[in-house]
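Trainee: Could you have a look at this structure, given as structure tokens, before my questions?
The values are calculated or read from the model by the stated rules, or taken from the named source; none is laboratory data. As the structure is a prediction and not an experimental result, all values here were calculated from the model. Neighbour counts are summed over all protein chains in view; Cβ atoms, including those assigned to glycine, are modelled from backbone coordinates with ideal geometry.
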Amino acid sequence: MTDRPVRLLDLGEVSPLRSQALYHALGESMDAESPDTIVLCRPAAPHFCVGYHQLPREALDLDWCRRAGYPVLQRRIGGGAVFLDGSQLFYQCIFHRRRAPLMVAAVYHRFLMPAVEALRGLGLPASLEGINEIEVAGRRIAGTGGGQIGEAMVVTGNILFDFDYEAMACGWRVPSEPFRRLAAEGLRRHVTTLKRELARVPPAGEVSRLLVDRYGEALGRPLLPGALTAREEEALRRAEQELTAPAGSGGALGRPDRGLKIARGVYVRQVEVATSAGPVRVTLRLRDGIIDDLVLAGPLPGQPRRARAVGTGARALPESRRGVAGEAGTEGSRAHSAS
């Protein structure tokens with residue numbers, strides 16, 4: 001452990017490319033003598049970003065993204081496909097791996113709890129759930145990711161002042177429109193924002209100051225404003241070039257049965273089930289392994305025993321039946337873990 005100050009790069013609004021390239025460059029150029037750094041910034045334009053383990057063409061509808069004018073970037077740390085814009089404040093922690101915890105859970109706890117405390121400072125009942133889920137009253141209010149880049153341990157997150165739910169839902173590459181509909185409904189139900197939670201949305205500068213204060217308290221080290229070194233500027237240019245490589249398009253769709261993660265414990269899945277009347281497509285949203293909503297499409301021989309009609313809010317769907325069931329009764333109806 002060290003008591004050296006943490007360098008603060010409070011950069012305000014930057015290009016989408018730079019907002020992602022910064023932590024890549026700082027990680028790649030870091031050595032034992034480099035300052036541990038926290039970056040605060042906001043993207044100047046909307047874009048999508050996919051995680052290290054994803055294929056952009058499987059996670060997103062790249063044709064739609066291109067028509068809508070949204071660039072697609074791929075980061076070198078984990079997490080899923082996300083829609084990012086200027087209504088989100090990014091915080092990026094880039095610390096030498098020797099000055100970070102060894103265990104993944106401890107890494108996230110150290111670098112995400114200050115963001116939780118900042119939200120509490122705004123009067124919100126925020127909490128860190130699981131390993132790396134920041135929630136307010138059970139609803140997600142931040143995206144997070146992490147991993148090792150070069151000699152650095154990197155943890156990133158954002159605070160959602162507002163969120164374009166429609167753009168996120170349209171950007172996903174999905175196997176069917178019922179799948180997209182259940183995902184879009186799940187987003188609005190399980191992802192929240194400062195605008196939805198607070199009577200007054202604070203300016204970004206106020207939230208930035210809260211983050212700086214809480215990180216300083218949690219780390220026991222002051223955060224001092226600084227600037228990039230010449231070596232880091234060169235690494236930043238390289239990172240921007242690498243991140244502008246084409247994301248690719250086309251290709252086969254991924255496995256929809258593995259699930260699209262919406263929030264902690266909330267997934268949308270689609271499977272095909274053989275019946276005596278023919279194959280039936282089952283699209284369902286699960287919360288903690290329990291079916292929250294489903295759409296059935298195909299030549300159904302009769303009303304499934306475990307399904308019952310939704311209440312007064314149910315909609316009639318051509319060639320489908322919409323319903324909910326109790327706890328998922330088969331192995332195939334449970335969601336797999338997804339990043």
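Trainee: Taking I141, is it touching a residue at least 24 places away in the same chain (Cβ under 8 Å), under 24 Å from D213 (Cβ atoms) and touching a strand residue (DSSP E or B) at 6+ places or on another chain (Cβ under 8 Å)?
Mentor: Taking the combined requirement at face value, the residue satisfies it.
Trainee: So how many residues does the range 70-102 have that are of a type in the set (V, I, T), farther than 19 Å from Y215 by Cβ and more than 13 Å from the chain's Cα centre (by Cα)?
Mentor: Total meeting the criteria: 1.
Trainee: On to the next question. Take the residues of the range 145-154 that are more than 12 Å from the chain's Cα centre (by Cα) and surrounded by fewer than 24 Cβ atoms within 10 Å (Cβ to Cβ): which is farthest from D85 (Cα to Cα)?
Mentor: E151
Trainee: Which of the residues that make up the range 37-70 are buried (at least 18 other Cβ atoms within 10 Å of the Cβ) and in a loop (DSSP other than H, G, I, E, B)?
Mentor: Those that are buried (at least 18 other Cβ atoms within 10 Å of the Cβ) and in a loop (DSSP other than H, G, I, E, B): P46, G51, Q54, D61, Y70.
Trainee: For the range 169-203, which residues satisfy the criterion of being within 19 Å of A142 (Cβ to Cβ) and of a type in the set (D, E)?
Mentor: E197 - this is the single residue of the range 169-203 that is within 19 Å of A142 (Cβ to Cβ) and of a type in the set (D, E).
Residues checked against (1) at pLDDT 95 or above; (2) assigned to a loop (DSSP other than H, G, I, E, B); (3) more than 27 Å from P56 (Cβ to Cβ):
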| site | (1), (2), (3) |
| --- | --- |
| R231 | yes, no, yes |
| P246 | no, yes, no |
| V271 | no, no, no |
| R305 | no, yes, yes |
| A338 | no, yes, no |
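Trainee: Report, by residue number, each residue of the range 183-201 that is buried (at least 17 other Cβ atoms within 10 Å of the Cβ) and either in contact with a Ser or Thr (Cβ under 6 Å, 6 or more places away or on another chain) or closer than 27 Å to H109 by Cα (or both).
Mentor: Hits for the range 183-201 are G186, L187, H190, V191, T192, T193, L194, E197, V201.
So that you can scan it fast, the table gives a plain yes or no per residue for (1) closer than 21 Å to A25 by Cα; (2) in contact with a helix residue (DSSP H, G or I) (Cβ under 8 Å, 6 or more places away or on another chain); (3) of a type in the set (K, R):
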site	(1), (2), (3)
G86	no, no, no
C93	yes, yes, no
A118	no, yes, no
G123	no, no, no
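Trainee: Further question: Across the range 203-225, what is the number of residues that are of a type outside the set (A, V, I, L, M) and surrounded by 15 or more Cβ atoms within 10 Å (Cβ to Cβ)?
Mentor: Count: 7.
Trainee: Is there any pair linking a residue in the range 35-48 that is under 12 Å from T156 (Cβ atoms) to one that is among the small types (G, A, S), with Cβ under 7 Å and at least six apart or on different chains, and which?
Mentor: Going by the 7 Å Cβ cut-off, the qualifying pairs are L40/S208; C41/G12; C41/S19.
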